[in-house]
Structures are given as structure tokens and as C-alpha cells.
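**Q** A single structure is presented below for examination.
None of the figures in this text is laboratory data; all of them are computed from the coordinates on show. Since we're looking at a predicted model, the values are computed, not measured. Here the Cβ positions follow ideal geometry from the backbone for every residue, glycine too, while neighbour counts run over all protein chains shown.
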Amino acid sequence: MSVIIVTGASGGIGYHTALDLARQGNQVIIAARGRERGEAAATRIGAVWQPLDLGDLTSVRRFAHDFLQRYGRLDLLINNAGVMAVPRRELTTDGFERQFGVNHLGHFALTGLLLPALEASDGGRVVTVTSGLHRRGRIDFDDLMGERRYRQFGAYCQSKLANVLFGLELGRRTGLTSVLAHPGVAHTDLARTGDRVRDVLIRLARLSAQSAADGARPILRAAVEGRTGEAYGPDGIGERRGAPARIEVSPAGRDQAVAERLWAISEELTGVRYGTFTSAQ
């Protein structure tokens with residue numbers, strides 16, 4: 001029986017990912033913010049809920065500490081949780097732009113703090129969930145937090161490109177199996193922007209979307225058979241829907257120099273340094 005963490009698994013794609021893995025007889029931990037939804041999801045699928053707010057590094061540290069005390073070993077970490085297209089610039093508890101802070105920095109810190117448990121496993125694996133929109137992203141090192149100019153989809157695409165850069169660099173720096181996946185376009189609550197016009201456009205785009213269960217399939221394939229440096233997504237037109245298949249990430253996602261610079265900045269911002277596990281107070 002493998003020990004597995006799925007972040008953001010109280011609903012949507014994360015829920016269906018956790019459901020499938022629990023059905024295979026694994027010990028699944030649903031890492032999510034809300035107690036009511038988290039416990040309800042855990043009860044339905046026979047998992048365990050543990051509170052985690054990726055927008056609060058204190059919560060990330062507490063989650064990792066409690067997990068290490070209870071389990072010690074982690075076979076699979078699926079970095080799935082995220083926020084999308086926040087209409088107005090918002091900050092996390094630690095003062096980071098919310099999309100970059102939750103989607104990238106929160107998972108960067110979580111993975112680093114859980115590294116001892118992943119290394120204690122015989123074949124520890126990490127699946128980092130990105131988006132096909134990473135191809136439109138650019139890491140703006142001069143304005144990472146959108147202080148000069150905030151664009152909701154620009155910030156989202158940057159965070160998803162950061163996921164790709166992180167996942168590939170993680171594979172280069174550690175002995176873990178680090179794989180990328182994206183669900184295509186799926187029916188979830190992720191992209192509610194609060195902007196009427198944009199929300200209508202998103203709903204129209206979803207007319208051809210696949211179910212959350214189908215969106216989970218590339219993640220599950222990455223979790224089971226993916227090798228370090230590989231990426232999985234739907235095989236249909238534009239990778240919007242379809243059967244899970246190997247895909248290629250953008251050239252920007254494979255820029256090692258950018259990945260190394262982002263890694264160094266992420267360590268500085270989070271206080272989590274891989275191999276030393278020091279945390280900024």
C-alpha cells in the first residue's frame with residue numbers, strides 16, 4: 001500500500017485523482033483548506049483529510065511537520081491544487097501575489113519540506129499539475145508579484161509555467177521521479193473569475209470540455225508510469241480533451257537557466273532550501 005498526498009482533492013480533478021488512487025487500496029491524504037468539504041470527500045472515498053492552505057507558509061510547514069510525525073514515508077505527492085484568473089490582485093498571507101504564491105511557491109515549499117519522506121520511499125514520485133496555458137506564460141523576474149502591472153490570466157500563465165520549470169528542475173536536482181501533467185479543459189470550479197463577461201466566455205469554452213474524471217486521467221497516468229522529465233495531457237486537438245498521452249512542454253518550460261534562477265528566488269521567498277530544510281520566520 002502506497003502513501004499518497006493529493007493537494008486540492010476535496011473537489012474537481014483532485015477529488016477524482018484521489019478517488020481512483022484510493023480505490024486501488026492506497027492510503028490517500030486529501031490536503032485541502034476547508035474542513036467540511038475535505039472531511040466529506042475523505043469519507044466518501046475512504047481517505048484522510050489533513051488541513052493545508054498553500055497560501056499560508058505557516059500552514060504548509062504545519063502540514064509537513066504533522067505528516068512527517070505520523071507517516072514518515074511518502075510514495076507519491078501530487079501537486080494539484082491551484083487558483084485561476086483571480087480578477088483583482090490579491091496577496092497570500094505571506095504577501096505573495098495569490099496565483100504565483102499558491103500555484104507555485106506553496107507547492108515548492110511543500111515538496112521541499114516533504115523531501116525526507118519522499119526520499120524514504122523506495123521510488124518516491126512527484127507529479128506537478130500544470131496547464132496547457134503554460135505555453136503563454138513568461139516569468140517576469142522584474143515583476144513576479146504583479147505590483148507594476150497585474151493581469152489575471154497573465155499571472156495564471158506565469159504560475160503554470162513556473163510549475164513546469166519547477167517539475168523539470170526537481171528531477172534534475174533530486175533522485176525523485178518528477179513528472180508533469182495537465183488535465184486539458186475540464187468542468188471544475190477553478191476558473192470562476194468574478195468578471196461576468198470573462199465568466200460567460202469561460203462557460204462557452206467549456207461546452208467542449210471533458211469531465212473532471214476525464215481530466216484526472218493524464219495525472220493518474222503520470223503518477224503510475226511517468227518518467228522524470230516527461231509530461232502528460234489529453235491527446236485531442238489543442239490538448240483540450242481526449243485520452244491521456246505524452247506531450248511536449250514549451251521551450252520556455254525547458255529553459256534550465258530560467259529554472260535555476262526561479263529555484264533560487266523560490267528558496268529565498270519561502271525560506272525552504274532543499275537539503276537543509278531551514279524555514280524563514
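**Q** Of the listed peptides 256-264, 211-219, what is their order by residue-averaged count of other C-beta atoms within 10 Å, with the highest listed first?
**A** Values: 256-264: 15.2, 211-219: 23.9.
Result, highest mean Cβ count within 10 Å first: 211-219, 256-264.
**Q** To the nearest 20 debye, what charge dipole does segment 79-142 have about its Cα centre, counting +1 at the Cβ of each Lys and Arg and -1 at the Cβ of each Asp and Glu? Display every interim value, and only then the final one.
**A** On the way: 7 positive and 7 negative charges, 74 e Å.
Magnitude of the dipole: close to 360 debye.
**Q** Given the convex hull over the Cα atoms of the chain, what projected area results after averaging over all orientations, in nm²? Present the calculation step by step, with values, prior to reporting the outcome.
**A** Details: hull surface 53.6 nm².
If I average the Cα hull's projected area over directions, I get 13.4 nm².
**Q** Using the per-residue mean of other Cβ atoms lying within 10 Å as a proxy for protection, in what order, highest first, do the peptides 7-15, 143-151 fall? Don't jump to the answer; show the numbers that get you there.
**A** Values: 7-15: 26.2, 143-151: 14.6.
Result, highest mean Cβ count within 10 Å first: 7-15, 143-151.
**Q** For the chain, with only Lys/Arg (+1) and Asp/Glu (-1) charged at the beta-carbon, what is the dipole magnitude about the Cα centre, in debye rounded to 20?
**A** Working: 36 positive and 30 negative charges, 130 e Å.
Roughly 620 debye for the chain.
**Q** If you don't mind, there's one more thing I want to ask. Which residue, T43, L77, V185, has the largest displacement toward the positive end of the dipole of segment 3-270 when charges sit on each Cβ (Lys, Arg +1; Asp, Glu -1)?
**A** V185
**Q** Mind checking which of S266, S159, S178 has the largest fluctuation in a GNM of the chain, springs on alpha carbons under 10 Å?
**A** S266
**Q** Any chance you could run the full-extension gain for E260 through D235? It's 0.36 nm times the residue separation minus the Cα-Cα distance, nm to one decimal. It would help to have the intermediate numbers written out before the result.
**A** Details: separation 25, 0.36 × 25 = 9.00 nm, distance 3.01 nm.
Extra length available between E260 and D235 comes to 6.0 nm.
**Q** May I ask you to list, by number, the DSSP H helices of the chain whose Cα span along the axis is at least 18 Å and whose average Kyte-Doolittle hydropathy reaches -1.0 or more?
**A** On the way: long enough: 57-70 (20 Å, -0.43); 152-173 (31 Å, 0.04); 256-270 (21 Å, 0.05).
Qualifying helices: 57-70, 152-173, 256-270.
**Q** Given springs between every Cα pair under 10 Å in a Gaussian network model of the chain, which of L170, L133, L57 has the largest fluctuation?
**A** Sorting by GNM fluctuation, first place goes to L133.
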